[in-house]
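Structure first, commentary second.
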Amino acid sequence: MDVPRLREISLGFPGAFEDFPFGPELSVFKVRAAVSGGVRHEAKMFALSAMDPGNWSVSLKCEPALAEQLRAAHPEITGAWHLNKRHWNGVRLDGGLPDDMIRDMVEDSYDLVVASLSRRQREQLGWAGLL
């Protein structure tokens with residue numbers, strides 16, 4: 001997986017956008033739904049990456065039990081650095097994992113974050129829910 005593909009996947013979800021709250025070298029992908037009257041709610045992060053091909057990785061939200069299983073099965077997946085390791089995985093993107101698996105993990109992260117939004121926000125995003 002390369003930088004443009006990760007960016008394309010992450011920005012392909014409804015309400016997703018890229019932000020740089022920690023400086024230009026760290027991409028933070030967030031989701032936010034508009035509310036009536038033009039007011040916007042706080043955005044919530046679902047992916048974080050330095051976008052550095054020399055140290056290519058992404059941090060993604062994950063259900064705790066699944067996070068443990070993924071870490072046990074794949075050396076490329078560890079607890080995310082500087083994030084709650086119970087809920088966030090750090091995923092090395094050095095070619096050791098299939099792109100489809102990475103795409104699924106990004107989507108799962110997005111779904112977990114959107115599931116925490118209000119019903120109205122989820123409806124505005126057109127989110128169908130976790131299956």
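The values are calculated or read from the model by the stated rules, or taken from the named source; none is laboratory data. Everything quoted here is computed from the prediction, not taken from an experiment. Here Cβ is always computed from backbone atoms with ideal geometry, including for glycine, and neighbour counts include all displayed protein chains. Each accessible area value is taken on the protein alone, full model and side chains, heavy atoms only, with ligands, DNA and RNA left out. Shrake-Rupley method; radii C 1.70, N 1.55, O 1.52, S 1.80 Å.
Any chance the stretch 102-119 includes a residue that's assigned to a helix (DSSP H, G or I), open to solvent by 70 Å² or more (accessible area, probe 1.4 Å), more than 20 Å from PRO14 (Cα to Cα) and in contact with a helix residue (DSSP H, G or I) (Cβ under 8 Å, 6 or more places away or on another chain)?
no
Tell me the residue from VAL58, VAL28, VAL114 that is over 19 Å from ASP2 (Cα atoms) and either aromatic (Phe, Trp, Tyr) or under 14 Å from the mean Cα position of the chain (by Cα) (or both), please.
Numbers: VAL58 fails: over 19 Å from ASP2 (Cα atoms); VAL28 fails: over 19 Å from ASP2 (Cα atoms).
From the options VAL58, VAL28, VAL114, the qualifying one is VAL114.
Those residues that are open to solvent by 60 Å² or more (accessible area, probe 1.4 Å) and within 13 Å of ASP2 (Cα to Cα), I need them from the stretch 84-94; list them, please.
ARG92, ASP94
Do we find that ARG32 is open to solvent by 40 Å² or more (accessible area, probe 1.4 Å), under 23 Å from GLY126 (Cβ atoms) and in contact with a strand residue (DSSP E or B) (Cβ under 7 Å, 6 or more places away or on another chain) in this structure?
On the way: open to solvent by 40 Å² or more (accessible area, probe 1.4 Å): yes; under 23 Å from GLY126 (Cβ atoms): yes; in contact with a strand residue (DSSP E or B) (Cβ under 7 Å, 6 or more places away or on another chain): yes.
Judged against the criteria, ARG32 is a match.
Take the residues of the stretch 44-79 that are open to solvent by less than 60 Å² (accessible area, probe 1.4 Å) and at pLDDT below 90: which is farthest from PHE20 (Cα to Cα)?
Result: TRP56.
Filter the stretch 88-131 for residues that are among the polar types (S, T, N, Q) and under 16 Å from VAL58 (Cα atoms) and give the result.
Once the filter is applied, which keeps residues that are among the polar types (S, T, N, Q) and under 16 Å from VAL58 (Cα atoms), the stretch 88-131 yields ASN89, SER109.
What is the residue count in the stretch 1-29 for residues that are of a type in the set (A, V, I, L, M) and either part of a loop (DSSP other than H, G, I, E, B) or open to solvent by 40 Å² or more (accessible area, probe 1.4 Å) (or both)?
First, the residues of the stretch 1-29 that are of a type in the set (A, V, I, L, M): 1, 3, 6, 9, 11, 16, 26, 28.
Still in the list and also either part of a loop (DSSP other than H, G, I, E, B) or open to solvent by 40 Å² or more (accessible area, probe 1.4 Å) (or both): 1, 11, 26.
Final tally of qualifying residues: 3.
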